[in-house]
Amino acid sequence: MRAILLSVSFLAFLSCAGPQQSTPAQVQNLTPQQFKGERLGRKTILVDVRTPEEFAEGHLDGAVNSDYRGGAFAREIENWDKDKVYYLYCASGNRSGKAAELLKEAGFRHIYNVGGFQDLKEAGFPTEQGSAE
């Protein structure tokens with residue numbers, strides 16, 4: 001009986017002794033076709049990281065503007081909810097890729113770079129024109 005108790009105790013110790021590892025955040029790159037399959041809802045945020053001028057010329061419906069190049073993005077993410085899902089895009093996918101890495105470094109876990117505005121527009125995503133908010 002004592003041997004069984006020692007074995008159970010040892011196994012319990014081993015299962016708790018190692019460091020608890022959480023899966024590190026990964027930035028996922030999606031093509032416009034892959035992005036079409038994603039469900040946008042209350043826990044998702046679509047972020048256009050282009051300049052306010054680029055945003056005003058046209059952007060995806062429902063997108064919010066957070067200027068990566070001008071520094072607004074780095075300041076604004078401090079107040080964002082890390083549990084939400086973020087889809088980022090820019091003109092070509094370059095700035096949104098860099099912005100996604102900033103989110104990753106800041107501890108966000110659900111980050112998607114969906115590429116460039118023109119590619120998304122050509123893939124049939126609804127767009128609108130208007131001022132940056």
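Could you check, for the range 74-87, whether at least one of its residues is assigned to a helix (DSSP H, G or I), on the phi < 0 side of the Ramachandran plot and in contact with a Leu (Cβ under 7 Å, 6 or more places away or on another chain)? Within the range 74-87, one or more residues are assigned to a helix (DSSP H, G or I), on the phi < 0 side of the Ramachandran plot and in contact with a Leu (Cβ under 7 Å, 6 or more places away or on another chain). If you filter the range 48-92 down to residues that are hydroxyl-bearing (Ser, Thr, Tyr) and over 21 Å from ALA25 (Cβ atoms), you find that the one that is surrounded by the fewest Cβ atoms within 10 Å (Cβ to Cβ) is SER92.
Scanning the range 94-133 for residues that are surrounded by 19 or more Cβ atoms within 10 Å (Cβ to Cβ) and in a loop (DSSP other than H, G, I, E, B) turns up PHE108, PHE125.
Read-outs: derived from the displayed coordinates by stated rules, not from any lab. The shown structure was predicted, so the numbers you read here are calculated from the model rather than taken from an experiment. Ideal geometry is used to build each Cβ from the backbone, glycine not excepted, and the neighbour counts take in all protein chains shown.
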